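The values are calculated or read from the model by the stated rules, or taken from the named source; none is laboratory data. Computed from a predicted model, the values in this text were never measured in an experiment. Cβ placement follows ideal geometry from the backbone for every residue including glycine, while neighbour counts extend to all protein chains displayed. These accessible areas exclude ligands, DNA and RNA; they are computed on the full protein's heavy atoms, side chains included. Shrake-Rupley method; radii C 1.70, N 1.55, O 1.52, S 1.80 Å.
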Amino acid sequence: MIVRASPNNTKLPPAPKLQELVNQGYGRNQIAAMYDVSLDHARKILKECGIIAPRSRDPNAQSPTPIMTLYVEGRPVTLPRVSMISDMEKYA
């Protein structure tokens, strides 16, 4: 990932803070609302900083599917729980 500071003419924080928000579970819509910027502007700045964020996500929401989250180089990787995989084996 290329770490760049966000452009000077923005209300958004620097790239490391934006990445931290995404890692905490915030999506583009929540970040835009948090810093009072348009959705297009938030998307553009996140893209320029090389940060991939979902459109909308609630950081406090529980996933309907049980998942494990691993962090590889500071980025989350989600996988199904082992119990879920074993349940799926009966359909294979």
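With the requirement that a residue be surrounded by fewer than 17 Cβ atoms within 10 Å (Cβ to Cβ), within 15 Å of the chain's Cα centre (by Cα) and either in a loop (DSSP other than H, G, I, E, B) or basic (Lys, Arg) (or both), what does region 24-41 give you?
Across region 24-41, the qualifying residue is only 25.
State all residues of region 42-60 that are open to solvent by less than 80 Å² (accessible area, probe 1.4 Å) and without any contact (Cβ under 8 Å) to a residue 40 or more places away in the chain; if no residue qualifies, say none. Outline the logic, then answer.
Pass one, region 42-60, residues open to solvent by less than 80 Å² (accessible area, probe 1.4 Å): 42, 45-46, 48-51, 53-54, 56, 59.
Passing the criteria: 42, 45, 46, 53, 54, 56, 59.
Among the residues of region 13-51, count how many are within 13 Å of residue 75 (Cα to Cα) and charged (D, E, K, R). Write out each step before concluding.
Here is the first cut: in region 13-51, the ones within 13 Å of residue 75 (Cα to Cα) are 16, 18-25, 50-51.
From what's left, charged (D, E, K, R): 20.
Final tally of qualifying residues: 1.
Taking residue 92 as the residue in question, decide whether it is assigned to a loop (DSSP other than H, G, I, E, B), out of contact with any His (no Cβ under 6 Å at 6 or more places or on another chain), surrounded by 14 or more Cβ atoms within 10 Å (Cβ to Cβ) and modelled with pLDDT under 90.
Values: assigned to a loop (DSSP other than H, G, I, E, B): yes; out of contact with any His (no Cβ under 6 Å at 6 or more places or on another chain): yes; surrounded by 14 or more Cβ atoms within 10 Å (Cβ to Cβ): no; modelled with pLDDT under 90: yes.
Here the answer is no, as residue 92 does not meet what is asked.
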